[in-house]
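Engineer: Below you'll find the structure I mean.
Each reported figure results from applying straightforward, stated rules to the coordinates on display, with no laboratory input. None of the values given here were measured: they were computed from a predicted structure. Every residue, glycine as well, gets a Cβ built from its backbone with ideal geometry; the counts of neighbours run over all protein chains shown.
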Amino acid sequence: MPLTQKITSGILMPTAMRDVRKTTVYDCTILQLPVVHNEAGNITALNNDLEMPFEIKRVYYLYDVPGGESRGGHAHKALHQLILAGSGSFDITVHDGLIQRTFQLNRPDYGVYLPPGLWRELTNFSAGSLCLVLASEKYLETDYIYDFDTFKSIKHDWKE
């Protein structure tokens, strides 16, 4: 699968039915989102059945992140996410238990698709940045893995 995919129609779901223990950092994809250009300003619209790699059930955003702080520091068991920089820039580092990969987001028409089963850290937030997260499920505490050693153990158990 190419690193960057242009979304035009159809649902992209590379790891939808995959065991989360088998998810790797190479299952992450940078998605180029559609833009309608206009002199008065651009617009990007996302529809569940067209541009999204999953059905959106929750939207949240991070903002006013102090310099030097990080967010994330967890993995999900079932949740798919598309993370965008609505404004400013930040880095997303994903880890699959063996390999680490970092993406920089700094344009609102590009996002990183994160399937479940990957550890993520968001860092290097620029002043005034806004991190927009589109999620496949409503918030569920039991979907989170907060301990990196536990996460690695889950991934390691599959590899044996």
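Engineer: Run through all the Cα pairs of the chain and give the fraction in each 10 Å bin from 0, expressed as whole percent.
Structural biologist: 10, 40, 37, 11, 2, 0
Engineer: Among 122, 46, 132, which one moves the most in a GNM of the chain with springs linking Cα atoms closer than 10 Å?
Structural biologist: Ranking 122, 46, 132 by mean-square fluctuation puts 46 first.
Engineer: Among 107, 120, rank each residue by its count of other Cβ atoms within 10 Å, from fewest to most, as a rough exposure measure.
Structural biologist: On the way: 107 13, 120 19.
Ranked by crowding around the Cβ, least crowded first: 107, 120.
Engineer: For a quick check: with amide H placed at 1.01 Å from N, whose amide H comes under 5 Å from residue 81's, ignoring anything fewer than 5 positions away on the same chain?
Structural biologist: HN-HN under 5 Å from residue 81: 114.
Engineer: Measure nothing but the geometry: give the 0 to 90° angle between the long axis through the Cα atoms of 148-159 and the longest principal axis through the Cα atoms of the chain, rounded to 10°.
Structural biologist: Result, in degrees: 70.
Engineer: How would you order 83-91, 53-61 from highest to lowest mean count of nearby Cβ atoms within 10 Å?
Structural biologist: On the way: 83-91: 18.7, 53-61: 14.4.
Most protected by this proxy first, the peptides run 83-91, 53-61.
Engineer: Given labels modelled 7 Å from the Cα in the Cβ direction, how far is it in nm from residue 157 to residue 89?
Structural biologist: Computed distance between label sites residue 157 and residue 89 equals 4.0 nm.
Engineer: Determine the relative contact order of the chain: mean sequence separation of Cα pairs under 8 Å and six or more apart, normalised by residue count, in whole percent.
Structural biologist: Numbers: 370 pairs, mean separation 47.4, N = 160.
It comes to 30 percent, rounded to a whole number.
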